[in-house]
Amino acid sequence: MNLCTPSAATFEHAADLLKRGCLVAFPTETVYGLGADARNPEALARVFHAKGRPADHPLIVHLGNVDEVEHWARDIPDQAWKLAERLWPGPLTLILRRAPNVPDLVTGGQNTVGLRIPAHPVALELLKTFGSGIAAPSANRFGRVSPTTAAHVVADLGDAVDCIIDGGACPVGLESTILDLSGSSARLLRPGAVTSDALAKILGKAPNVGATADAPRVSGSLPSHYAPDTPLRLVEAAEIEAAVRTLLAEGGSVVLLSMRQPPAAEPHACRWLPMPLDAAAYAQILYARLREADALGCDRILVERPPAAAGWAAVLNRLGCAAAQPHQTRYP
Ligand code: TXA
Ligand code: MG
(Lines give C-alpha, C1' and ligand atoms only; values in the text may rest on other atoms or scores of the structure.)
(Ligands and ions follow the chains in the order given, each with its own letter.)
Protein backbone atom coordinates (compact mmCIF):
# COMPACT_ATOMS: atom_id res chain seq x y z
CA MET A 1 0.00 0.00 0.00
CA ASN A 2 1.45 3.34 -1.06
CA LEU A 3 -0.09 5.67 1.47
CA CYS A 4 1.96 8.89 1.65
CA THR A 5 1.79 11.92 3.89
CA PRO A 6 2.09 15.27 2.08
CA SER A 7 5.70 16.49 1.85
CA ALA A 8 7.96 17.95 -0.83
CA ALA A 9 9.33 14.44 -1.47
CA THR A 10 5.80 13.01 -1.77
CA PHE A 11 4.78 15.66 -4.31
CA GLU A 12 7.91 14.98 -6.40
CA HIS A 13 7.30 11.25 -6.22
CA ALA A 14 3.60 11.59 -7.08
CA ALA A 15 4.27 13.97 -9.99
CA ASP A 16 6.90 11.55 -11.30
CA LEU A 17 4.40 8.67 -11.09
CA LEU A 18 1.84 10.72 -13.03
CA LYS A 19 4.43 11.51 -15.73
CA ARG A 20 5.06 7.76 -16.06
CA GLY A 21 1.35 7.05 -16.57
CA CYS A 22 0.65 5.79 -13.04
CA LEU A 23 -2.36 6.63 -10.83
CA VAL A 24 -2.24 8.95 -7.82
CA ALA A 25 -5.17 9.45 -5.45
CA PHE A 26 -5.23 12.83 -3.75
CA PRO A 27 -7.55 14.89 -1.54
CA THR A 28 -9.55 17.81 -2.89
CA GLU A 29 -11.83 20.02 -0.83
CA THR A 30 -14.82 17.99 -2.09
CA VAL A 31 -13.82 14.29 -2.20
CA TYR A 32 -10.67 12.29 -3.00
CA GLY A 33 -9.81 12.09 -6.70
CA LEU A 34 -8.16 9.25 -8.63
CA GLY A 35 -5.67 11.20 -10.71
CA ALA A 36 -3.97 10.47 -14.02
CA ASP A 37 -2.11 12.57 -16.60
CA ALA A 38 -5.01 14.03 -18.60
CA ARG A 39 -2.91 13.96 -21.80
CA ASN A 40 -1.96 10.30 -21.56
CA PRO A 41 -4.58 7.89 -22.99
CA GLU A 42 -2.95 4.82 -21.42
CA ALA A 43 -3.04 6.39 -17.97
CA LEU A 44 -6.65 7.43 -18.54
CA ALA A 45 -7.55 3.87 -19.51
CA ARG A 46 -6.10 2.73 -16.16
CA VAL A 47 -8.48 5.08 -14.34
CA PHE A 48 -11.50 3.48 -15.98
CA HIS A 49 -10.14 0.01 -15.28
CA ALA A 50 -9.39 0.76 -11.59
CA LYS A 51 -12.84 2.24 -11.00
CA GLY A 52 -14.73 -0.29 -13.10
CA ARG A 53 -16.26 2.70 -14.90
CA PRO A 54 -17.68 2.57 -18.46
CA ALA A 55 -15.35 4.32 -20.93
CA ASP A 56 -17.97 6.77 -22.21
CA HIS A 57 -18.22 8.61 -18.88
CA PRO A 58 -16.20 11.82 -19.04
CA LEU A 59 -13.59 12.86 -16.46
CA ILE A 60 -13.01 16.26 -14.87
CA VAL A 61 -9.61 17.80 -15.64
CA HIS A 62 -8.11 19.48 -12.56
CA LEU A 63 -5.91 22.48 -13.21
CA GLY A 64 -3.50 24.39 -10.97
CA ASN A 65 -3.83 27.69 -12.75
CA VAL A 66 -6.48 29.57 -14.72
CA ASP A 67 -3.93 30.22 -17.52
CA GLU A 68 -4.20 26.54 -18.44
CA VAL A 69 -7.92 26.72 -19.28
CA GLU A 70 -7.28 27.68 -22.90
CA HIS A 71 -5.18 24.60 -23.42
CA TRP A 72 -8.24 22.41 -22.73
CA ALA A 73 -11.22 24.47 -23.90
CA ARG A 74 -12.13 26.80 -26.77
CA ASP A 75 -14.92 29.35 -27.42
CA ILE A 76 -14.81 30.14 -23.71
CA PRO A 77 -17.70 32.46 -22.80
CA ASP A 78 -17.18 35.56 -20.65
CA GLN A 79 -19.36 33.97 -17.99
CA ALA A 80 -16.75 31.25 -17.52
CA TRP A 81 -13.96 33.77 -16.91
CA LYS A 82 -16.15 35.66 -14.43
CA LEU A 83 -16.99 32.50 -12.50
CA ALA A 84 -13.39 31.34 -12.57
CA GLU A 85 -12.20 34.64 -11.19
CA ARG A 86 -14.67 34.62 -8.32
CA LEU A 87 -15.06 30.93 -7.46
CA TRP A 88 -11.78 29.20 -8.35
CA PRO A 89 -10.04 27.59 -6.63
CA GLY A 90 -13.26 26.02 -5.40
CA PRO A 91 -15.89 23.27 -5.67
CA LEU A 92 -17.17 24.27 -9.12
CA THR A 93 -16.68 22.34 -12.37
CA LEU A 94 -17.29 24.18 -15.63
CA ILE A 95 -18.30 22.26 -18.75
CA LEU A 96 -16.86 24.04 -21.78
CA ARG A 97 -16.30 23.21 -25.43
CA ARG A 98 -13.24 21.02 -25.74
CA ALA A 99 -10.01 21.97 -27.44
CA PRO A 100 -9.12 19.61 -30.31
CA ASN A 101 -6.14 18.01 -28.52
CA VAL A 102 -8.11 16.75 -25.48
CA PRO A 103 -8.10 12.92 -25.40
CA ASP A 104 -11.45 11.24 -26.07
CA LEU A 105 -11.21 9.29 -22.83
CA VAL A 106 -11.35 12.59 -20.92
CA THR A 107 -14.43 13.85 -22.74
CA GLY A 108 -16.23 10.53 -23.12
CA GLY A 109 -16.22 11.24 -26.85
CA GLN A 110 -18.29 14.41 -26.39
CA ASN A 111 -17.41 17.86 -27.69
CA THR A 112 -17.11 19.27 -24.16
CA VAL A 113 -14.63 19.08 -21.32
CA GLY A 114 -15.11 19.52 -17.54
CA LEU A 115 -12.54 21.75 -15.81
CA ARG A 116 -11.94 22.83 -12.25
CA ILE A 117 -9.26 24.30 -9.99
CA PRO A 118 -9.65 22.57 -6.61
CA ALA A 119 -9.27 24.51 -3.35
CA HIS A 120 -7.18 22.05 -1.37
CA PRO A 121 -3.54 22.78 -0.57
CA VAL A 122 -2.50 19.18 -1.29
CA ALA A 123 -4.28 19.10 -4.67
CA LEU A 124 -2.87 22.50 -5.62
CA GLU A 125 0.67 21.53 -4.65
CA LEU A 126 0.42 18.30 -6.63
CA LEU A 127 -0.91 20.20 -9.66
CA LYS A 128 1.87 22.76 -9.37
CA THR A 129 4.56 20.10 -9.12
CA PHE A 130 3.09 18.10 -12.01
CA GLY A 131 2.62 21.22 -14.11
CA SER A 132 -0.32 20.06 -16.25
CA GLY A 133 -3.93 18.87 -16.08
CA ILE A 134 -4.80 15.90 -13.88
CA ALA A 135 -7.94 13.98 -14.88
CA ALA A 136 -9.58 12.72 -11.72
CA PRO A 137 -12.93 11.12 -11.04
CA SER A 138 -13.85 10.45 -7.42
CA ALA A 139 -11.55 7.69 -6.14
CA ASN A 140 -14.25 5.09 -5.49
CA ARG A 141 -15.37 1.96 -7.31
CA PHE A 142 -17.99 2.89 -9.92
CA GLY A 143 -21.44 3.40 -8.42
CA ARG A 144 -20.20 3.56 -4.81
CA VAL A 145 -20.24 6.47 -2.41
CA SER A 146 -17.33 8.89 -3.01
CA PRO A 147 -14.35 8.71 -0.63
CA THR A 148 -13.80 11.56 1.80
CA THR A 149 -10.79 10.06 3.63
CA ALA A 150 -7.66 8.21 2.47
CA ALA A 151 -8.94 5.12 4.31
CA HIS A 152 -12.04 5.12 2.06
CA VAL A 153 -9.77 5.13 -1.01
CA VAL A 154 -7.75 2.24 0.38
CA ALA A 155 -10.95 0.30 1.07
CA ASP A 156 -12.29 0.83 -2.46
CA LEU A 157 -9.23 0.82 -4.70
CA GLY A 158 -6.30 -0.45 -2.60
CA ASP A 159 -3.46 -1.68 -4.77
CA ALA A 160 -5.01 -0.40 -8.00
CA VAL A 161 -3.58 3.02 -7.05
CA ASP A 162 0.19 3.63 -7.17
CA CYS A 163 0.17 6.34 -4.49
CA ILE A 164 -2.52 7.70 -2.16
CA ILE A 165 -1.73 11.07 -0.60
CA ASP A 166 -3.37 11.29 2.81
CA GLY A 167 -4.65 14.83 3.39
CA GLY A 168 -7.16 13.95 6.11
CA ALA A 169 -10.92 14.30 5.77
CA CYS A 170 -12.18 16.46 2.88
CA PRO A 171 -13.68 19.70 4.23
CA VAL A 172 -16.69 19.90 1.85
CA GLY A 173 -17.51 16.21 1.60
CA LEU A 174 -19.75 16.21 -1.51
CA GLU A 175 -18.69 16.42 -5.15
CA SER A 176 -18.34 19.76 -6.94
CA THR A 177 -21.18 21.73 -8.43
CA ILE A 178 -21.23 21.11 -12.21
CA LEU A 179 -22.27 23.99 -14.45
CA ASP A 180 -22.59 23.50 -18.20
CA LEU A 181 -21.55 26.58 -20.15
CA SER A 182 -21.18 24.82 -23.51
CA GLY A 183 -24.69 25.66 -24.74
CA SER A 184 -26.74 28.80 -25.23
CA SER A 185 -27.64 29.11 -21.54
CA ALA A 186 -25.98 28.08 -18.28
CA ARG A 187 -27.23 24.76 -16.86
CA LEU A 188 -26.70 23.32 -13.41
CA LEU A 189 -26.00 19.62 -13.96
CA ARG A 190 -25.05 18.65 -10.39
CA PRO A 191 -25.71 20.69 -7.23
CA GLY A 192 -22.77 21.15 -4.85
CA ALA A 193 -21.29 23.53 -2.31
CA VAL A 194 -21.37 26.38 -4.83
CA THR A 195 -25.10 27.06 -4.74
CA SER A 196 -27.41 28.18 -7.52
CA ASP A 197 -27.79 31.49 -5.64
CA ALA A 198 -24.03 32.03 -5.59
CA LEU A 199 -23.91 31.36 -9.34
CA ALA A 200 -26.89 33.65 -9.97
CA LYS A 201 -25.14 36.53 -8.23
CA ILE A 202 -22.27 36.30 -10.70
CA LEU A 203 -24.21 35.27 -13.83
CA GLY A 204 -26.95 37.84 -13.31
CA LYS A 205 -29.62 35.12 -13.29
CA ALA A 206 -30.08 31.64 -11.90
CA PRO A 207 -28.85 28.82 -14.16
CA ASN A 208 -31.40 26.41 -15.61
CA VAL A 209 -31.47 23.15 -13.75
CA GLY A 210 -30.85 19.66 -15.12
CA ALA A 211 -29.69 18.29 -18.42
CA THR A 212 -31.45 18.67 -21.76
CA ALA A 213 -31.65 15.77 -24.22
CA ASP A 214 -28.54 17.02 -26.03
CA ALA A 215 -26.72 18.24 -22.91
CA PRO A 216 -23.53 16.56 -21.75
CA ARG A 217 -23.87 13.32 -19.82
CA VAL A 218 -23.23 13.44 -16.11
CA SER A 219 -23.04 9.96 -14.66
CA GLY A 220 -23.30 11.36 -11.13
CA SER A 221 -26.71 12.77 -11.96
CA LEU A 222 -28.20 9.33 -12.49
CA PRO A 223 -30.47 8.34 -9.61
CA SER A 224 -28.62 5.23 -8.47
CA HIS A 225 -25.18 6.74 -8.54
CA TYR A 226 -24.30 7.44 -4.91
CA ALA A 227 -25.70 4.36 -3.26
CA PRO A 228 -24.52 2.37 -0.24
CA ASP A 229 -24.96 -1.42 -0.49
CA THR A 230 -27.67 -1.53 2.18
CA PRO A 231 -31.13 -0.43 0.95
CA LEU A 232 -31.71 3.14 2.09
CA ARG A 233 -34.96 5.00 2.63
CA LEU A 234 -35.60 8.67 3.36
CA VAL A 235 -38.19 9.18 6.09
CA GLU A 236 -39.95 12.28 7.39
CA ALA A 237 -38.95 13.11 10.98
CA ALA A 238 -42.49 12.52 12.25
CA GLU A 239 -42.57 9.03 10.71
CA ILE A 240 -39.26 7.69 11.99
CA GLU A 241 -40.52 5.97 15.10
CA ALA A 242 -43.28 4.15 13.25
CA ALA A 243 -40.91 3.15 10.43
CA VAL A 244 -38.36 1.77 12.91
CA ARG A 245 -41.05 -0.09 14.86
CA THR A 246 -42.39 -1.72 11.68
CA LEU A 247 -38.95 -2.87 10.57
CA LEU A 248 -38.09 -4.26 13.99
CA ALA A 249 -41.44 -6.03 14.22
CA GLU A 250 -40.58 -7.76 10.93
CA GLY A 251 -37.41 -9.03 12.59
CA GLY A 252 -35.11 -6.71 10.67
CA SER A 253 -32.26 -4.58 11.96
CA VAL A 254 -32.00 -0.91 11.13
CA VAL A 255 -29.49 1.92 11.23
CA LEU A 256 -30.87 5.42 11.45
CA LEU A 257 -29.19 8.67 10.43
CA SER A 258 -31.03 11.34 12.34
CA MET A 259 -30.62 14.98 13.27
CA ARG A 260 -32.51 14.45 16.52
CA GLN A 261 -31.19 13.19 19.85
CA PRO A 262 -31.36 9.40 20.23
CA PRO A 263 -34.00 8.09 22.66
CA ALA A 264 -32.75 7.17 26.16
CA ALA A 265 -33.31 3.45 25.49
CA GLU A 266 -32.20 2.49 22.00
CA PRO A 267 -33.71 -0.83 20.84
CA HIS A 268 -31.00 -3.45 20.37
CA ALA A 269 -31.60 -3.93 16.64
CA CYS A 270 -31.64 -0.18 15.90
CA ARG A 271 -28.38 1.76 15.66
CA TRP A 272 -28.63 5.53 15.80
CA LEU A 273 -26.02 7.62 13.97
CA PRO A 274 -26.37 11.32 14.82
CA MET A 275 -26.24 13.90 12.00
CA PRO A 276 -25.48 17.64 12.32
CA LEU A 277 -28.20 20.27 12.02
CA ASP A 278 -26.00 22.50 9.89
CA ALA A 279 -26.05 21.75 6.12
CA ALA A 280 -22.30 22.18 5.56
CA ALA A 281 -21.42 20.02 8.58
CA TYR A 282 -23.96 17.42 7.45
CA ALA A 283 -22.51 17.33 3.93
CA GLN A 284 -19.00 16.96 5.27
CA ILE A 285 -19.69 13.70 7.12
CA LEU A 286 -22.53 12.23 5.02
CA TYR A 287 -20.44 9.82 2.92
CA ALA A 288 -18.41 8.65 5.92
CA ARG A 289 -21.68 8.01 7.78
CA LEU A 290 -23.14 6.06 4.84
CA ARG A 291 -20.02 3.87 4.74
CA GLU A 292 -20.27 3.41 8.53
CA ALA A 293 -23.95 2.54 8.21
CA ASP A 294 -23.15 0.00 5.48
CA ALA A 295 -20.43 -1.58 7.60
CA LEU A 296 -22.90 -2.23 10.44
CA GLY A 297 -24.52 -4.80 8.18
CA CYS A 298 -28.10 -3.93 9.09
CA ASP A 299 -31.00 -4.80 6.82
CA ARG A 300 -31.99 -1.23 6.20
CA ILE A 301 -30.68 2.33 6.45
CA LEU A 302 -33.28 4.95 7.34
CA VAL A 303 -32.35 8.62 6.91
CA GLU A 304 -34.37 11.41 8.45
CA ARG A 305 -35.17 13.75 5.55
CA PRO A 306 -33.32 17.05 6.04
CA PRO A 307 -35.23 20.30 5.52
CA ALA A 308 -35.85 21.47 1.93
CA ALA A 309 -34.20 24.77 2.89
CA ALA A 310 -31.48 26.94 1.39
CA GLY A 311 -28.08 25.28 1.50
CA TRP A 312 -29.44 21.71 1.53
CA ALA A 313 -29.76 21.15 -2.26
CA ALA A 314 -26.59 19.07 -2.65
CA VAL A 315 -27.31 16.93 0.41
CA LEU A 316 -30.90 16.28 -0.70
CA ASN A 317 -29.71 15.44 -4.22
CA ARG A 318 -27.18 12.84 -2.98
CA LEU A 319 -29.64 11.35 -0.47
CA GLY A 320 -32.21 11.05 -3.26
CA CYS A 321 -29.62 9.21 -5.35
CA ALA A 322 -28.65 6.96 -2.44
CA ALA A 323 -32.30 6.06 -1.89
CA ALA A 324 -32.76 4.99 -5.53
CA GLN A 325 -32.10 1.28 -5.80
CA PRO A 326 -29.32 0.41 -8.28
CA HIS A 327 -31.42 -2.26 -10.00
CA GLN A 328 -34.07 0.35 -10.82
CA THR A 329 -31.73 2.43 -12.95
CA ARG A 330 -29.29 1.26 -15.54
CA TYR A 331 -26.99 3.20 -17.80
CA PRO A 332 -28.17 3.27 -21.38
O1 TXA B 1 -15.74 17.23 -6.70
C2 TXA B 1 -15.57 16.61 -7.75
O3 TXA B 1 -16.05 16.96 -8.82
C4 TXA B 1 -14.68 15.35 -7.67
C5 TXA B 1 -13.26 15.77 -7.32
C6 TXA B 1 -12.29 14.62 -7.36
O7 TXA B 1 -12.86 16.80 -8.15
N8 TXA B 1 -14.72 14.63 -8.89
C9 TXA B 1 -15.79 13.93 -9.29
O10 TXA B 1 -15.55 13.23 -10.45
O11 TXA B 1 -16.83 13.90 -8.68
P12 TXA B 1 -16.55 12.12 -10.99
O13 TXA B 1 -15.91 11.59 -12.24
O14 TXA B 1 -16.83 11.14 -9.93
O15 TXA B 1 -17.79 12.94 -11.37
C16 TXA B 1 -17.62 13.93 -12.35
C17 TXA B 1 -18.87 14.13 -13.09
C18 TXA B 1 -19.30 12.88 -13.81
O19 TXA B 1 -20.66 12.69 -13.50
C20 TXA B 1 -19.10 13.20 -15.26
O21 TXA B 1 -20.07 12.60 -16.06
C22 TXA B 1 -19.18 14.71 -15.27
O23 TXA B 1 -18.60 15.11 -14.08
N24 TXA B 1 -18.43 15.27 -16.38
C25 TXA B 1 -17.10 15.33 -16.56
N26 TXA B 1 -16.81 15.86 -17.75
C27 TXA B 1 -17.97 16.15 -18.34
C28 TXA B 1 -18.35 16.71 -19.60
N29 TXA B 1 -17.47 17.04 -20.51
N30 TXA B 1 -19.64 16.84 -19.84
C31 TXA B 1 -20.55 16.50 -18.94
N32 TXA B 1 -20.28 15.96 -17.75
C33 TXA B 1 -19.02 15.79 -17.46
MG1 MG C 1 -17.87 9.90 -8.86
Please indicate, with yes or no, whether at least one residue in region 29-47 is over 22 Å from Arg318 (Cα atoms), assigned to a helix (DSSP H, G or I) and within 17 Å of the chain's Cα centre (by Cα).
yes
Considering only residues of region 108-131 that are crowded, with 18+ Cβ neighbours inside 10 Å and farther than 21 Å from Gly192 by Cα, which is nearest to ligand 2 (Cβ to nearest atom)?
Gly108
If you scan region 59-79, which residues turn out to be over 14 Å from Leu92 (Cβ atoms), within 25 Å of the chain's Cα centre (by Cα) and in a loop (DSSP other than H, G, I, E, B)?
Leu59, Gly64, Asn65, Ile76
Given region 97-205, what helices (runs of 4 or more DSSP H) lie entirely inside it while holding 3 or more residues that are touching a residue at least 12 places away in the same chain (Cβ under 8 Å) and closer than 30 Å to Ala295 by Cβ?
121-130, 150-157
Looking only at region 149-168, count how many residues are within 13 Å of the chain's Cα centre (by Cα) and within 12 Å of ligand 2 (Cβ to nearest atom).
0
In region 27-42, the residues that are closer than 17 Å to Asp16 by Cβ and touching a Ser or Thr at 6+ places or on another chain (Cβ under 9 Å)
Asp37, Ala38, Arg39
Condition check: surrounded by fewer than 24 Cβ atoms within 10 Å (Cβ to Cβ), out of contact with any Ser or Thr (no Cβ under 6 Å at 6 or more places or on another chain) and at pLDDT 95 or above. Does Pro137 satisfy that?
no
Before we move on, is Gly64 free of Cβ contacts under 8 Å to residues at least 40 places away in the same chain and small (Gly, Ala, Ser)?
no
Report the residue count in region 166-202 for those that are among the aliphatic types (A, V, I, L, M) and surrounded by fewer than 18 Cβ atoms within 10 Å (Cβ to Cβ).
4
Hits in region 1-29 (condition: over 17 Å from Arg141 (Cα atoms) and buried (at least 24 other Cβ atoms within 10 Å of the Cβ)):
Ala14, Leu18, Thr28
When every residue in region 40-81 that is touching a helix residue (DSSP H, G or I) at 6+ places or on another chain (Cβ under 6 Å) and at pLDDT below 95 is compared, the one surrounded by the fewest Cβ atoms within 10 Å (Cβ to Cβ) is Ala55
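The values are calculated or read from the model by the stated rules, or taken from the named source; none is laboratory data. Remember, it's a predicted structure, so these values are computed and weren't measured experimentally. Counting neighbours? That spans all protein chains shown, and the Cβs are built from the backbone with ideal geometry, glycine included.
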